[in-house]
Amino acid sequence: MSRRFDLLLRGGRCVLPAGLAEADIGVRGGKVAAIGGLGDAGAETEIDAGALHVLPGVIDSQVHMREPGLEHKEDFATGTAAAALGGVTAVMEMPNTKPNTTTAADLADKARRARGRAWCDMAFFVGATGGNVESLGDLERLPSCAGVKVFMGSSTGSLLVDDDATLAQVLANGSRRVAVHCEDEPRLRERFALVEGGAAVAMHAEWRDAETARRATERLLRLAGGVGRRVHVLHVTTAAEMDLLPGYRDIATVEVTPQHLTLAAPDAYDRLGTRAQMNPPIRDAAHRDALWRALDQGLVDVIGSDHAPHTLEEKAKPYPQSPSGMPGVQTLLPVMLDHVNAGRLTLERLVDLTAAGPARVYGIAGKGRIALGHDADFALVDLKARKTLSDRWIASRCGWTPFDGMRVTGWPVATILRGQVVMRDGAVVGEPRGTALRFQDTLA
Ligand code: DOR
């Protein structure tokens, strides 16, 4: 008797846990039910993936969706539509909204707002502050909570843990991996005079210099190492941090962003002005090369976009009043596929960094690999398609990308979320069916 599935992907080049292989994939009840030659099996929906590569859907573990309070930049509907257009099937959202996400009620509010409006699955970080540090161990276990996020240096919004005593308390409360933005606030304050009265935007990387990042990362690793707390060092940007991190691999995992792997000073600031302004900053090519070396040598666990939309009107303010951050959830995959085509990393390594890696780092249940019983989340990509990234393609409410005009080879042509097609040929399709991510640490 032939087998029957809800969805059959026929003949794609699949990136499986064992490597790249041509296979059919059968999906039932939103899960991967069969992988291999599925011959005369039938399905409600069949997709000929013959000319395509089938990757696990991208899990972007650092995005700012701006809801509630900053919906003029982005909301859950626009931000997750951008995700789906870029082959992303899950996002982990940051707490520097208005209000900041610091309580159980804030987390529940975000989950309620996302219901019925998200085009991908979601989880939400709770922000650490001096005020909620005692309750972080309880907050991090709430449904749809991605864990605790710490800003060691001030960035967009008011979340900040700038002293070692409070940071040590954060690390002592709770057990899940803590995501940390490492810039040293005392040094940022000391050096602000460099840009305070107005400066060229390229000075952003001088004010928030490499030593600012190194100092914070060193402080974090020392404190986390001392108590054995797992930490995820977000958007690492410097050679010096990459030199420190191998000494802490029992507790520390590492993220880099596509923009820090692709853009470099001074060219980025010359071409893009304040659109290139983000925290931590885009640095020179020597630092960018160090990130690639770390990635090659297995030190980098995750590529996350740090999707941080601001309107062009806001970006047009004179530096340093212009806000830091750039959108990226929609361009993560095409930009990185272009690096694959240029021979800078393999497709298998990219999949590890964008799907299996985030699932491993955060203990996401049932996602990140094309494997029996896992969620049927896929990005179907045409590895040979040549396209030009443009502001017009961007679904994020901010309506621009720092990669406008970049010619890329490799493109996501369909996105499948738990067995349902949510994007095909550049348009979201069906319904926004995103649900809450589940985590191994808190399944109980
Ligand atoms: O450039 C940044 N923008 N870095 C951050 O840490 C926050 C982000 C934002 O929310 O705008």
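Which value, in Å², gives the accessible area per residue of the chain when a 1.4 Å probe is used on the protein heavy atoms?
Ligands and nucleic acids excluded, the result is 35 Å² per residue.
How many percent of DSSP beta bridges within the chain run antiparallel, rounded to 5?
Approximately 50 percent, going by the DSSP bridge assignments.
For segment 21-49 and segment 306-363, write down the distance between their C-alpha centroids in whole Å.
30
In the chain, with Lys and Arg counted as +1 and Asp and Glu as -1 at Cβ, which of these residues, 33, 282, 100, has the Cα nearest the positive end of the dipole, that is, farthest along it?
Farthest towards the positive end: 33.
Quick check: Cα centre of segment 188-260 to Cα centre of segment 410-444, how many Å?
Cα centres, segment 188-260 to segment 410-444: 32 Å.
Using a 1.4 Å probe over the heavy atoms of the protein chains, calculate the carbon and sulfur portion of the accessible area of the chain as a whole percent.
On the way: 7670 of 15740 Å².
Carbon and sulfur together cover 49 percent of it.
Placing +1 at every Lys and Arg Cβ and -1 at every Asp and Glu Cβ, with all other atoms neutral, what dipole size does segment 68-185 have around its Cα centre, in debye to the nearest 20?
640
Compute the relative contact order of segment 229-340 as a whole-number percentage, counting only Cα pairs closer than 8 Å that sit 6 or more residues apart in sequence.
Numbers: 163 pairs, mean separation 32.6, N = 112.
The normalised contact order for segment 229-340 reaches 29 percent.
Would you work out the charge dipole size for the chain about its Cα centre, treating the Cβ of every Lys and Arg as +1 and the Cβ of every Asp and Glu as -1, and quote it to the nearest 20 debye?
640
What order do you get for 366-374, 236-244, 424-432 when each peptide is scored by the mean count of other beta carbon atoms within 10 Å, highest first? Kindly include the intermediate steps, with their values, before the conclusion.
Details: 366-374: 18.7, 236-244: 21.4, 424-432: 13.6.
Top to bottom by mean Cβ count within 10 Å: 236-244, 366-374, 424-432.
With only Lys, Arg, Asp and Glu charged, each at its Cβ (+1 for the first two, -1 for the last two), find how big the charge dipole of segment 184-280 is about the Cα centre; round to the nearest 20 debye.
320
Any lysines with Cα under 20 Å of the residue 149 Cα? List them, leaving off those in the same chain fewer than 8 positions away.
Within the straight-line cut-off, residue 149 pairs with 98, 110.
Which one of 273, 251, 168 is farthest out on the positive end of the charge dipole of the chain, using unit charges on Cβ (Lys, Arg +1; Asp, Glu -1) and the Cα centre as origin?
Of the options given, the answer is 251.
Can you check what the Kirkwood hydrodynamic radius comes to for segment 359-439, Cα pairs only, in Å to one decimal?
14.7
Please compute the modelled spin-label separation between residue 44 and residue 175, points set 7 Å along Cα→Cβ, answer in nm with one decimal.
3.9
Among the lysines, which fall within straight-line cross-link reach of residue 317, defined as a Cα-Cα distance under 17 Å, with same-chain neighbours fewer than 8 residues apart omitted?
Counting by Cα, and skipping residues close in sequence, residue 317 has these lysines nearby: 73.
Given the peptides 375-382, 84-91, 357-364, 279-286, arrange them by the average over their residues of other C-beta atoms within 10 Å, most packed first. Walk me through the numbers on the way to the answer.
Numbers: 375-382: 26.6, 84-91: 30.1, 357-364: 22.2, 279-286: 20.6.
Those peptides, ordered most packed to least, come out 84-91, 375-382, 357-364, 279-286.
Taking every DSSP beta bridge that has both residues in segment 27-136, what percent is antiparallel when rounded to the nearest 5? Numbers along the way, then the final one.
Values: 2 of 10 bridges.
Roughly 20 percent of the beta bridges in segment 27-136 run antiparallel, per DSSP.
Residue 104: net charge of surrounding residues, Cβ under 14 Å, Lys/Arg +1, Asp/Glu -1, itself excluded?
Computed value for this residue: -2.
Can you return the lysines within cross-link range of residue 31? Criterion is Cα-Cα under 18 Å, with same-chain partners fewer than 8 residues away left out.
List returned: 367.
Expressed as a rounded percentage, what relative contact order does the chain have, with Cα pairs under 8 Å and six or more residues apart? Walk me through the intermediate numbers first.
Numbers: 1097 pairs, mean separation 93.7, N = 444.
That works out to 21 percent.
Per-residue counts of other Cβ atoms within 10 Å, averaged by peptide: what ranking do you get for 132-138, 330-336, 93-99, highest first?
So the peptides 132-138, 330-336, 93-99, ranked by packing, come out 330-336, 93-99, 132-138.
What is the spread of the Cα atoms of the chain along each of their three principal axes, largest first, in whole Å?
Result for the chain: principal-axis Cα extents of 73, 47, 41 Å.
The values are calculated or read from the model by the stated rules, or taken from the named source; none is laboratory data. None of these values were measured; they are calculated from a predicted model. Don't worry about glycine lacking a Cβ; one is built from the backbone with ideal geometry, like all the others, and counts go over all protein chains shown. When the accessible area is computed, the model is the full protein with side chains, heavy atoms only, and any ligands, DNA or RNA have been set aside. Shrake-Rupley method; radii C 1.70, N 1.55, O 1.52, S 1.80 Å.
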